[in-house]
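Inspection log for the structure reproduced underneath, given as structure tokens.
The values are calculated or read from the model by the stated rules, or taken from the named source; none is laboratory data. Small disclaimer: the values here were computed from a predicted structure and weren't measured. Here the Cβ positions follow ideal geometry from the backbone for every residue, glycine too, while neighbour counts run over all protein chains shown. In case anyone asks, the SASA skips ligands and DNA or RNA and just uses the protein heavy atoms, side chains included. Shrake-Rupley method; radii C 1.70, N 1.55, O 1.52, S 1.80 Å.
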Amino acid sequence: MSNTEPRPAGSPATDDDPDTAPVGPFPGVTSPGRGALPALAVPVLGGLALAVVLGVYGRLHEPGTVAVSVAGFSGPAYVKAWLTTVAVLLAVVQLVSALNMYGRIGHASPSWVSTLHRWSGRLAVLVTVPVVVHCLYVFGFGYDSPRVLVHSLAGCLFYGAFATKMLSLPRRDVPGWTLPVVGGVVFSALVALWLTAALWLFTTRGVHL
Ligand code: HEM
């Protein structure tokens, strides 16, 4: 183990790289302190740049049409709504596994929990990719209602924060609270995406495939 910082009680590893990633403000966790804030510049600017690029593309791109038919589904909107629901369920698994890794829930953290945390997070983001491609290509950055505006902003924030998390992971010099806080932003943005689109669809057009 190359990193000298103590791990949360009972947790085998931190997030995606058990040997290098500093961890957050949890029991028994230390961090590099205030002097570490500049180390966040690159991850935050990288995430911000991605969020802005998605938003500008979505705003400037002329909405197109694309024929999507998936066997068993009534249309692309429901494919997207169910994929978004799967992504949220995977994100809940990632959140619960993180709370266990940091000693917030459960007594010990078996070694497979960090693997579950890594893969549930990766799959959650992977599942959203075909959805956002359809959103950006067919709808673009919408703002014709507060719901659609919040949805479009949450979509940009989701990928921006995810990029910031991925850029922070290999760094040892970022503040210890970085991963829990940025992870929390990613999770909240995904829930906002689900509420403003999938739940809206299910409550206005019914729950079906
Ligand atoms: C930059 C990111 C995104 C933008 C600009 C965007 C934009 C939009 C817009 C304008 C709509 C139509 C809303 C309506 O008129 O009801 C929509 C629908 C939807 N979006 Fe997104 N979205 C983005 C990312 C995402 C992501 C990441 C997800 C899922 C994780 C998602 C899931 C959905 C779903 C389920 C619908 C409703 C189904 C539909 O009407 O096709 N969106 N999106």
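Annotations for the structure displayed:
- With respect to the stated conditions, residue 77 is open to solvent by less than 70 Å² (accessible area, probe 1.4 Å), over 22 Å from residue 121 (Cβ atoms) and at pLDDT 90 or above.
- Test for residue 29: is it loosely packed, with under 14 Cβ neighbours inside 10 Å and either assigned to a helix (DSSP H, G or I) or modelled with pLDDT under 85 (or both): no
- Residue match in region 141-159 (condition: open to solvent by less than 30 Å² (accessible area, probe 1.4 Å), more than 14 Å from the ligand (Cβ to nearest atom) and modelled with pLDDT of 95 or more): no
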